[in-house]
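One structure below.
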Amino acid sequence: MTRELLTGNGAAAWGARLARVDYVPAFPITPQTEIIESLANWIDAGEMPGRLVTLESEHSMLTAAGAAASTGVRVFSATSSQGLLYAMEMLYTVAGWRAPFVLINVSRGLSAPITLEPDHNDVLAARDSGFLQIHCANCQEVLDSVLMAYRLAEDHRVRQPVLVNLDGFYLSFTREPVSVPGPAAVDAFLPRFDSESIALRASAPESQAVAVLGGGPYSYFRYQTHLALLNGLSAYDQIAAEFADLFGRQWPAVEAYRCDDAQIVFLMIGSFATKARAAVDQLRAAGQSVGLLRPRLLRPFPEQAMRQHLLGKRAVAVIDQNLSLGKGGILFTEVASALYGKPDAPLLVSFIGGLGGRDITPEEFFEIARLADQAAARGEAPAPRLLYTDDELREMHKLQTLAHVERNSLRDKA
Amino acid sequence: MSKTMTRFHRIKDLPSTHLLGTGTPMCAGCGGLQALHEIYDILGERTVFVNAAGCMTLLSVYPFTPFRGSWLYTAMASAPAGAQGVRDALDILLQQRRMPATEDLQVVVLTGDGAAYGMGLSATSAAIERGLDFLYIVYDNEGYGNTGQQYSGATPHAARTATSRTGQGFRGRKKDLFEIWVAHRPAYAATVIGAEPLDLARKVEQAMAIRGPKLLLALAPCPTGWDFDPRLTVDIGRLAVRTGIWPLKEYVDGEVLHTKTPRPRRPVEEYLRLQGRFSHLFEPQREEGLLAELQADVDAYWAAAD
């Protein structure tokens, strides 16, 4: 084991290297590119075995990934944002193939308007695809999650592709001390991929991904895949326990921070949850009983664990770093569905923040806690709220004024 | 191609046992299935067919398949990328000695013209440019046949389709996919047709002997899409060659050679008038201008080729 300063992208690449991946179909996109560059350089320098092939699109990249995994090798790939959406047809397709491999998504807001900084609309667009989803909040977690993701993907009870998510810029380009386990320790946790029945071989002809006619077989195969994802819940717990035994780091499906005796709970995913965590400490220091719940596993959705942590609380503030246009926060509806109709369900309050990498400040977390407490006292949830300050609105109006001036000056010249 | 190297000299040299199973959901008289039968007999079962969305996706419907070898359906746009993944995985397994060489497979893409001339072109171009060792079979029935024959990038000038029903038919011109392949300098490219099985067999044989990206572009007379009686599939196929509308050729070692030069060439009209999609050229009155234009296109091609 060595301790190194790694970016989130570097940690993802190290995860793939330690997992001894055989095959990396690749396509560059900001802010993910550093991952495939690192792997390409290691492979070229002979520092890791394996083959990296740059495809001409993410759609083709995912096709090649699924096809190679279905032939029986260990596959790794990575993308972001528009790339994930460009590949979306194949995300659903290869998940239906039951092709086990690991895909990294480095979150970045979606076009339009086109932007580079993160939110979670990209990865949540893949929510229903049949990929399991693990969401990371720090660089160590990225490396560890890649290793755990292979165990999960290749587990007999699951046999599905797994998506590991990290936030662009905040994690992808942020260096943190990361403990890089030695190859022998990783091998003990993650043995070489034995694809068994997943293969294409001359002696054992196999028809994969064939068509079905009618809703009967279609429903059967779709539901069977759903059950495979649900199997991922217990498989995950077992794999995480084994990981903790070997490496001493705990990565539960749902991470609870100062939650046990909390009245008010922040609920967030991804790297911005570390901001909420800092706010929890400050609020605790000020005498308020606030905690943080951070689901790492979003698919399968750890409903039981969420209920265990949240039933009996006074209020839960769900802070969504995404926006389902025409509805609101996606995580909010997921949490609500897990708690609805259960005795002692807390009041749920919805906030939207961090879109396109927009910061969430400590003061905003304090205000969220205050509003959640108020709502609980009233017994009624307020309307969902976008985190956006008067200053930001003033800055936006300045930009609009500039835009008008620019347009008028063009008109004058013409 | 050196004819002395081939094991196919006469029709009776062609395989007499057929590998592809019967009872598929393809239409009666499907020229694509005819070509596939002939190709598969020679390719054999140590193959994996990576399929793009099209008519032939329905060859393998759970729990049946007519293939003795393997099959992987992908999507419409990315079958060559699927072939890349399979080929790379097999190479990795061979290289690491995790699989004996006897388990290796030939990777074959099976695609219609809808994907090959349009949506799948970018993935195909990239697979050729990467030098992928695969065989790319196109059954070209000159339209989106599986959805009821709307025009595609492969539809010939003046053909009536479900989306060019009236007037003088399709206004565009058939894209030259063979030349697009040749521009990539692939290992091999050939046009074939099921109605000329000996020429087809030699080309499959030739393609199998070469590593790299290889095209077999099969014109696929389509009774339902082209509107003719299924019993005419072979006649129409032969006329496509004898009128010179479908030149049989191959690209090998940097050169394009015609493998069958129709002499004398029959008038294009003979090919056109058997097909309902061109009936507006003859009824209610002859469209002399269009007919002359279509004949002139073919004449110009052969003038340049000779």
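The values are calculated or read from the model by the stated rules, or taken from the named source; none is laboratory data. This structure is a prediction, so every number in the text was calculated from the model and none was measured. Cβ: placed from backbone, ideal geometry, glycine included. Neighbour counts: every protein chain shown.
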With the requirement that a residue be more than 19 Å from the chain's Cα centre (by Cα) and in contact (Cβ under 8 Å) with a residue 24 or more places away in the chain, what does the stretch A:281-303 give you? A:Q282, A:L283, A:R284, A:Q288, A:S289, A:V290, A:G291
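Sort through B:Y144, B:Y151, B:Y136 and tell me the only one that's buried (at least 17 other Cβ atoms within 10 Å of the Cβ) and free of Cβ contacts under 8 Å to residues at least 24 places away in the same chain.
Just one listed residue meets the conditions, B:Y151.
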Of (1) within 12 Å of chain B (Cβ to nearest Cβ); (2) outside any helix (DSSP H, G or I); (3) touching a helix residue (DSSP H, G or I) at 6+ places or on another chain (Cβ under 6 Å), A:D119 satisfies every one except (1)
Subset tally (residues that are buried (at least 17 other Cβ atoms within 10 Å of the Cβ) and touching a residue at least 60 places away in the same chain (Cβ under 8 Å)) for the stretch B:276-296: 7
Would you pick out the residues in the stretch A:27-55 that are of a type in the set (G, A, S) and in contact with a Phe, Trp or Tyr (Cβ under 9 Å, 6 or more places away or on another chain)? A:S38, A:G50
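Rundown of residues vs (1) in contact with a Pro (Cβ under 8 Å, 6 or more places away or on another chain); (2) within 14 Å of chain B (Cβ to nearest Cβ); (3) closer than 15 Å to B:V86 by Cα, yes/no style:
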| site | (1), (2), (3) |
| --- | --- |
| A:L39 | no, no, no |
| A:H59 | no, yes, no |
| A:T93 | no, yes, no |
| A:L103 | yes, yes, no |
Here are some residues: B:A81, B:A75. Which one is assigned to a loop (DSSP other than H, G, I, E, B), at the interface with chain A (Cβ under 7 Å from one of its Cβ atoms) and under 21 Å from the mean Cα position of the chain (by Cα)? B:A75
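Can you give me the number of residues within the stretch B:61-72 that are within 17 Å of A:R98 (Cβ to Cβ) and more than 7 Å from chain A (Cβ to nearest Cβ)?
Looking only at that region, the number is 1.
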Looking only at the stretch A:179-226, count every residue that is buried (at least 17 other Cβ atoms within 10 Å of the Cβ), facing chain B (nearest Cβ under 8 Å) and in a loop (DSSP other than H, G, I, E, B) and tell me the total. 6
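Can you find even one residue in the stretch A:131-142 that is in a strand (DSSP E or B), at pLDDT 95 or above and under 24 Å from B:A89 (Cα atoms)?
Yes, there is a match, as at least one residue in the stretch A:131-142 is in a strand (DSSP E or B), at pLDDT 95 or above and under 24 Å from B:A89 (Cα atoms).
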Does the stretch B:89-104 contain any residue that is touching a Phe, Trp or Tyr at 6+ places or on another chain (Cβ under 7 Å), at pLDDT 95 or above and not hydrophobic (A, V, I, L, M, F, W, C)? no
From the list B:A207, B:A189, B:A183, which residue is without any contact (Cβ under 8 Å) to a residue 60 or more places away in the chain and out of contact with any Ser or Thr (no Cβ under 9 Å at 6 or more places or on another chain)? B:A183
Residue count, the stretch A:62-77 (criterion: among the aliphatic types (A, V, I, L, M) and more than 7 Å from chain B (Cβ to nearest Cβ)): 3
Hey, among the residues in the stretch B:61-72 that are touching an Asp or Glu at 6+ places or on another chain (Cβ under 7 Å) and in a loop (DSSP other than H, G, I, E, B), which one's surrounded by the fewest Cβ atoms within 10 Å (Cβ to Cβ)? B:R68
Just to be sure, is B:I180 under 23 Å from B:L121 (Cα atoms) and in a helix (DSSP H, G or I)? yes
For the stretch B:89-104, which positions are at the interface with chain A (Cβ under 7 Å from one of its Cβ atoms) and either β-branched (V, I, T) or in a helix (DSSP H, G or I) (or both)? B:A89, B:L90, B:I92, B:L93, B:T102, B:E103
What number of residues within the stretch A:155-178 are in a loop (DSSP other than H, G, I, E, B) and surrounded by 14 or more Cβ atoms within 10 Å (Cβ to Cβ)? 13
Quick check on the stretch B:123-136. Is at least one of its residues among the hydroxyl-bearing types (S, T, Y), within 13 Å of chain A (Cβ to nearest Cβ) and in a helix (DSSP H, G or I)? yes
Single match in B:Q206, B:Q168 (criterion: assigned to a helix (DSSP H, G or I) and either under 23 Å from B:G131 (Cβ atoms) or not charged (D, E, K, R) (or both)): B:Q206
Report, by residue number, each residue of the stretch A:315-334 that is outside any strand (DSSP E or B) and either small (G, A, S) or crowded, with 24+ Cβ neighbours inside 10 Å (or both). A:Q321, A:N322, A:G326, A:G329, A:F332
Select from the stretch B:42-60 the residues that are surrounded by fewer than 24 Cβ atoms within 10 Å (Cβ to Cβ), in a helix (DSSP H, G or I) and within 16 Å of the chain's Cα centre (by Cα) and write down the one among them that is farthest from the other protein chains (Cβ to nearest Cβ). B:I42
Filter pass, B:T155 being at pLDDT below 95 and either over 14 Å from the mean Cα position of the chain (by Cα) or under 22 Å from B:T243 (Cα atoms) (or both): no
